[in-house]
Amino acid sequence: MSSAPVKRRRVGVLVVIALLAYLIDLGSKLLVVARLEGRQPIEVAGDIVTLQVIRNAGAAFGMGQAMTIVFTMIAAAVIVVIWRIARRLYSLPWAIALGLLLGGAFGNLTDRLFRAPGVFRGHVVDFISVQHFAVFNLADSAIVCGGILVVLLSFRGSNPDGSMHQSAKADAAE
(Lines give C-alpha, C1' and ligand atoms only; values in the text may rest on other atoms or scores of the structure.)
Protein backbone atom coordinates (compact mmCIF):
# COMPACT_ATOMS: atom_id res chain seq x y z
CA MET A 1 0.00 0.00 0.00
CA SER A 2 1.34 3.43 -0.93
CA SER A 3 2.03 5.98 1.80
CA ALA A 4 0.69 8.87 -0.36
CA PRO A 5 -2.99 8.43 0.68
CA VAL A 6 -1.97 8.43 4.35
CA LYS A 7 -0.04 11.65 3.82
CA ARG A 8 -3.05 13.30 2.18
CA ARG A 9 -5.30 12.19 5.03
CA ARG A 10 -2.99 13.72 7.64
CA VAL A 11 -2.73 17.01 5.75
CA GLY A 12 -6.49 16.92 5.37
CA VAL A 13 -6.84 16.60 9.16
CA LEU A 14 -4.48 19.55 9.62
CA VAL A 15 -6.53 21.65 7.18
CA VAL A 16 -9.89 20.68 8.73
CA ILE A 17 -8.68 21.39 12.29
CA ALA A 18 -7.15 24.70 11.16
CA LEU A 19 -10.31 25.70 9.32
CA LEU A 20 -12.53 24.82 12.31
CA ALA A 21 -10.29 26.72 14.75
CA TYR A 22 -10.20 29.71 12.39
CA LEU A 23 -13.95 29.80 11.74
CA ILE A 24 -14.84 29.38 15.41
CA ASP A 25 -12.43 32.19 16.32
CA LEU A 26 -13.68 34.46 13.54
CA GLY A 27 -17.33 33.81 14.38
CA SER A 28 -16.80 34.41 18.07
CA LYS A 29 -15.00 37.69 17.41
CA LEU A 30 -17.72 38.91 15.03
CA LEU A 31 -20.35 38.02 17.63
CA VAL A 32 -18.67 39.65 20.62
CA VAL A 33 -17.79 42.82 18.68
CA ALA A 34 -21.40 43.15 17.51
CA ARG A 35 -22.98 42.32 20.88
CA LEU A 36 -20.48 43.26 23.60
CA GLU A 37 -18.23 46.08 22.44
CA GLY A 38 -18.87 49.25 24.41
CA ARG A 39 -20.97 47.40 26.99
CA GLN A 40 -20.41 46.24 30.54
CA PRO A 41 -18.62 42.89 30.97
CA ILE A 42 -20.85 39.82 31.17
CA GLU A 43 -20.15 37.57 34.13
CA VAL A 44 -19.82 33.93 33.10
CA ALA A 45 -18.54 32.56 36.41
CA GLY A 46 -19.04 35.39 38.87
CA ASP A 47 -16.25 37.90 38.47
CA ILE A 48 -13.72 35.11 37.91
CA VAL A 49 -14.53 34.70 34.19
CA THR A 50 -16.13 37.54 32.26
CA LEU A 51 -16.68 38.42 28.61
CA GLN A 52 -15.48 41.87 27.60
CA VAL A 53 -14.08 43.21 24.35
CA ILE A 54 -10.49 44.45 24.49
CA ARG A 55 -8.52 45.55 21.42
CA ASN A 56 -4.95 44.30 21.84
CA ALA A 57 -2.14 45.79 19.76
CA GLY A 58 0.46 43.60 21.46
CA ALA A 59 0.99 39.96 22.29
CA ALA A 60 -0.11 37.92 25.30
CA PHE A 61 -0.69 39.94 28.47
CA GLY A 62 -0.63 43.12 26.36
CA MET A 63 3.16 42.99 25.98
CA GLY A 64 4.77 44.66 22.98
CA GLN A 65 2.01 47.17 22.19
CA ALA A 66 4.31 49.04 19.79
CA MET A 67 5.37 45.88 17.94
CA THR A 68 2.18 45.02 16.04
CA ILE A 69 3.99 44.70 12.71
CA VAL A 70 6.51 42.30 14.27
CA PHE A 71 3.69 40.09 15.59
CA THR A 72 2.06 40.16 12.16
CA MET A 73 5.30 38.96 10.56
CA ILE A 74 5.75 36.26 13.22
CA ALA A 75 2.22 34.94 12.58
CA ALA A 76 2.90 34.88 8.84
CA ALA A 77 6.20 33.04 9.42
CA VAL A 78 4.47 30.46 11.65
CA ILE A 79 1.95 29.80 8.89
CA VAL A 80 4.74 29.28 6.32
CA VAL A 81 6.67 26.94 8.65
CA ILE A 82 3.58 24.85 9.41
CA TRP A 83 2.76 24.58 5.72
CA ARG A 84 6.33 23.41 4.98
CA ILE A 85 6.12 20.78 7.75
CA ALA A 86 2.78 19.61 6.33
CA ARG A 87 4.54 18.32 3.21
CA ARG A 88 6.00 15.46 5.25
CA LEU A 89 3.17 15.04 7.76
CA TYR A 90 2.21 11.43 8.53
CA SER A 91 1.34 11.71 12.25
CA LEU A 92 -2.28 12.26 13.29
CA PRO A 93 -1.41 13.87 16.66
CA TRP A 94 1.00 16.24 14.89
CA ALA A 95 -1.71 17.07 12.33
CA ILE A 96 -4.06 18.04 15.15
CA ALA A 97 -1.41 20.09 16.95
CA LEU A 98 -0.29 21.91 13.81
CA GLY A 99 -3.91 22.45 12.75
CA LEU A 100 -4.64 24.19 16.04
CA LEU A 101 -1.52 26.34 15.68
CA LEU A 102 -2.34 27.18 12.06
CA GLY A 103 -5.99 28.05 12.76
CA GLY A 104 -5.04 30.23 15.73
CA ALA A 105 -2.29 31.99 13.81
CA PHE A 106 -4.69 32.70 10.92
CA GLY A 107 -7.30 33.98 13.39
CA ASN A 108 -5.03 36.54 14.95
CA LEU A 109 -3.36 37.36 11.61
CA THR A 110 -6.80 38.18 10.17
CA ASP A 111 -7.26 40.75 12.94
CA ARG A 112 -3.78 42.19 12.34
CA LEU A 113 -4.51 42.56 8.63
CA PHE A 114 -8.13 43.72 8.56
CA ARG A 115 -8.97 45.47 11.83
CA ALA A 116 -8.32 49.08 12.83
CA PRO A 117 -6.07 50.97 12.90
CA GLY A 118 -4.89 49.48 9.59
CA VAL A 119 -3.23 46.75 7.57
CA PHE A 120 -0.37 45.05 9.48
CA ARG A 121 -1.22 47.20 12.52
CA GLY A 122 -4.68 45.88 13.38
CA HIS A 123 -5.56 45.18 16.97
CA VAL A 124 -6.57 41.66 17.93
CA VAL A 125 -10.02 41.26 19.51
CA ASP A 126 -9.69 39.60 22.93
CA PHE A 127 -12.79 38.93 25.00
CA ILE A 128 -12.38 36.09 27.53
CA SER A 129 -11.21 37.62 30.78
CA VAL A 130 -10.01 35.43 33.64
CA GLN A 131 -9.46 37.21 36.93
CA HIS A 132 -5.75 37.76 37.72
CA PHE A 133 -4.86 36.49 34.26
CA ALA A 134 -4.95 37.73 30.68
CA VAL A 135 -7.81 38.64 28.38
CA PHE A 136 -7.63 36.31 25.38
CA ASN A 137 -9.61 34.88 22.46
CA LEU A 138 -10.26 31.47 20.94
CA ALA A 139 -7.34 31.79 18.51
CA ASP A 140 -5.04 32.24 21.50
CA SER A 141 -6.60 29.14 23.09
CA ALA A 142 -6.01 27.11 19.91
CA ILE A 143 -2.38 28.29 19.78
CA VAL A 144 -1.77 27.39 23.43
CA CYS A 145 -3.42 23.95 23.09
CA GLY A 146 -1.52 23.26 19.87
CA GLY A 147 1.74 24.41 21.47
CA ILE A 148 1.22 22.18 24.51
CA LEU A 149 0.51 19.23 22.23
CA VAL A 150 3.68 19.93 20.21
CA VAL A 151 5.74 19.98 23.43
CA LEU A 152 4.16 16.73 24.64
CA LEU A 153 4.72 15.04 21.28
CA SER A 154 8.33 16.23 21.23
CA PHE A 155 8.98 14.97 24.76
CA ARG A 156 7.42 11.67 23.75
CA GLY A 157 9.93 11.48 20.89
CA SER A 158 7.40 11.79 18.07
CA ASN A 159 8.20 13.54 14.78
CA PRO A 160 5.66 15.01 12.33
CA ASP A 161 6.64 12.39 9.75
CA GLY A 162 5.55 9.63 12.12
CA SER A 163 9.08 8.57 13.06
CA MET A 164 10.58 8.69 16.56
CA HIS A 165 13.60 10.72 17.73
CA GLN A 166 16.80 8.67 18.00
CA SER A 167 16.85 9.02 21.82
CA ALA A 168 13.24 7.80 22.03
CA LYS A 169 14.14 4.77 19.90
CA ALA A 170 17.10 4.00 22.18
CA ASP A 171 14.91 4.33 25.29
CA ALA A 172 12.31 1.97 23.78
CA ALA A 173 15.00 -0.60 22.94
CA GLU A 174 16.27 -0.73 26.54
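The values are calculated or read from the model by the stated rules, or taken from the named source; none is laboratory data. Because the structure is a prediction, the values reported are computed rather than measured. Note that we place each Cβ from the backbone using ideal geometry, even for glycine, and neighbour counts take in every protein chain shown. Ligands, DNA and RNA are excluded from the accessible area calculation, which covers all protein heavy atoms including side chains. Shrake-Rupley method; radii C 1.70, N 1.55, O 1.52, S 1.80 Å.
So, counting K/R as plus one and D/E as minus one, what does the shell of residues with Cβ under 14 Å around Gly104 add up to? It would help to have the intermediate numbers written out before the result.
On the way: positive: Lys29, Arg112; negative: Asp25, Asp111, Asp126, Asp140.
Around Gly104, the surrounding residues sum to -2.
Largest mean-square fluctuation among Leu30, Leu100, Leu138, in a Gaussian network model of the chain whose springs join Cα atoms under 10 Å apart, belongs to Leu30.
Of all the Cα-Cα pairs you can form in the stretch 24-65, what percent are over 12 Å apart? Please report the intermediate quantities before stating the final value.
Working: 570 of 861 pairs.
More than 12 Å apart: 66 percent of the Cα pairs in the stretch 24-65.
Quick one: check the C-alpha center-to-center distance for the stretch 125-159 versus the stretch 93-111, whole angstrom. The stretch 125-159 and the stretch 93-111 have Cα centres spaced 10 Å from each other.
Taking all protein chains as they are arranged and a probe of 1.4 Å, the heavy atoms of Glu37 leave approximately 80 Å² accessible to solvent. Taken over the chain, the convex hull of the Cα atoms encloses 143 Å³ per residue. On the accessible surface of the chain, probed at 1.4 Å, how many percent belong to carbon and sulfur atoms? The value for the chain is 69 percent carbon and sulfur by accessible area. Could you check how many percent of all C-alpha pairs in the stretch 31-96 are farther apart than 19 Å? Of the Cα pairs, 61 percent sit more than 19 Å apart.
The residues packed around His123, meaning those with a beta-carbon under 13 Å from its beta-carbon, carry a net charge of +2 if Lys and Arg are +1 and Asp and Glu are -1.
Compute the accessible area per residue over the chain, keeping the other protein chains in place, probe 1.4 Å, unit Å². Walk me through the numbers before you get to the answer.
Working: 10000 Å² over 174 residues.
Result: 57 Å² per residue.
A 1.4 Å probe over all protein chains sorts Leu19, Leu113, Leu98 by accessible area into Leu19, Leu113, Leu98, starting with the largest. For the stretch 110-154, backbone nitrogen atoms closer than 16 Å to the point 7 Å from Arg39 Cα along Cα-to-C-beta are found at 127-129.
Computed extension gain for Val80 through Leu152, at 0.36 nm per residue and net of the alpha carbon distance, reaches 23.7 nm. Over all other residues within a Cβ to Cβ distance under 10 Å of Asp25, the charged ones net out to -1, with Lys and Arg as +1 and Asp and Glu as -1.
Would you mind getting me the FRET efficiency between Phe133 and Arg55? Use the beta-carbon distance for r and R0 = 25 Å, nearest 0.05. Each step should come with its number before you reach the end.
Values: r = 18 Å, r/R0 = 0.73.
It comes to 0.85.
A viscosity of 1.306 mPa s and a temperature of 10 °C, combined with the Kirkwood radius over C-alpha pairs in the Stokes-Einstein formula, give the stretch 63-134 a diffusion coefficient of 117 µm²/s.
Helices from the chain with mean Kyte-Doolittle at least -1.0 and a Cα length along the axis of 20 Å or more, per DSSP H: which?
On the way: long enough: 4-36 (47 Å, 1.28); 68-86 (27 Å, 2.34); 92-114 (32 Å, 1.12); 138-156 (27 Å, 1.86).
Long hydrophobic helices here: 4-36, 68-86, 92-114, 138-156.
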